[in-house]
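Q: Here you go, one structure.
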Amino acid sequence: SQTIHQWPATLVQPVGSPLSLECTVEGTSNPNLYWYRQAAGRGLQLLFYSVGIGQISSEVPQNLSASRPQDRQFILSSKKLLLSDSGFYLCAWRGWHGTDTQYFGPGTRLTVL
Amino acid sequence: DAKTTQPPSMDCAEGRAANLPCNHSTISGNEYVYWYRQIHSQGPQYIIHGLKNNETNEMASLIITEDRKSSTLILPHATLRDTAVYYCIVRVATNAGGTSYGKLTFGQGTILTVHP
C-alpha cells in the first residue's frame, strides 16, 4: 500500500531564516506530487506540482520554491521566510494514471515569528 | 472546473445519518464530483467520487441528482470522529481532457459537527 510522509510535523522559525520541508511517498512510482498551503481559517491553496523528477510548476508567485530530486521525494524551500509564510503545509500525491484522487500527508505546521 | 456551493456549517447527532449537500449547477458532462474531508490539524482525506451514478463505499454514499446540478454526501451513522470540514470539488477527469496535473480546487467546505 502507498504511504506519504512529511517532516517535520511542526516548525517554529524566525523571520529571514531558511526553510526546508520534505515529503516522501512509498509504494508507488512516478506519482504526481503537490504542495499546498492552508493559512489559519482558510482553504487549501496549491503552491507547486510536479509530474516528474526535476519538473516543477508553480501556481502562485511567492518566495517559496520546490524541488524534486528523486521520483518519490518533494521538497519545499525558502531562502528567507516571511511572517506571511506561516501556515499548514500539505504534500499530496496522485497516481499518473487512473482517477484524479489525491492522497494527502499529515502536514507540517509552520509558525514564522 | 465548475464552482460548488456548500452550507458553511451543519450539525448532526451521533448515530444519525449526516446528509451534506453540494450545489454545482454549472457542472458539465465530463466533470466528476469529489468529496474530501479534513479533520482538525490533519491532511484532507479522500472520501468518494462519482460522475453520474450513485456511489457507495465503506465510508459514505454519494447521491447525484439526475440533472447532476447537485449532490449529497451521506454518512449513514455519524460518529464523533466524523466531525470535520467536508469539501465538495468538481473537476474534469484527466483522462477526459482535464489538466494533466490533476489540480484540485478546495473551497471553504462545510463544517460538520457531530454531537453526542
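What follows is calculated from the coordinates using simple rules that are stated; it is not laboratory data. Note that this is a predicted model, so its numbers are computed, not measured. Heads up, the Cβs are rebuilt from the backbone with ideal geometry, glycines too, and the neighbour counts pull from every protein chain shown.
Q: I'd like the mean, over residues of A:67-75, of how many other protein chain beta carbons sit within 10 Å of each residue's own Cβ.
A: Per residue, the number of nearby Cβ atoms from other chains is 0 on average.
Q: Region A:70-113: Rg/Rh from Cα coordinates, Kirkwood Rh?
A: Ratio of gyration radius to Kirkwood radius: 1.08.
Q: Return P(r) of the protein assembly as shown (all Cα-Cα pairs; 10 Å bins starting at 0; whole %; ordered from short to long distances).
A: Binned Cα distances yield the sequence 8, 32, 34, 21, 5, 0.
Q: For residue B:52, go through the lysines and keep the ones whose alpha-carbon is under 23 Å away, minus same-chain ones fewer than eight residues off.
A: Correct list for residue B:52: B:3, B:69, B:103.
Q: Here's a follow-up. What number does chain A give for Rg over Rh if you use C-alpha atoms and the Kirkwood radius?
A: Taking Rg over the Kirkwood Rh, I get 0.95.
Q: Pairing rule first: another cysteine's C-beta must sit under 4.7 Å. Under that rule, which cysteines of chain B stay single?
A: B:12, each lacking another Cys Cβ under 4.7 Å.
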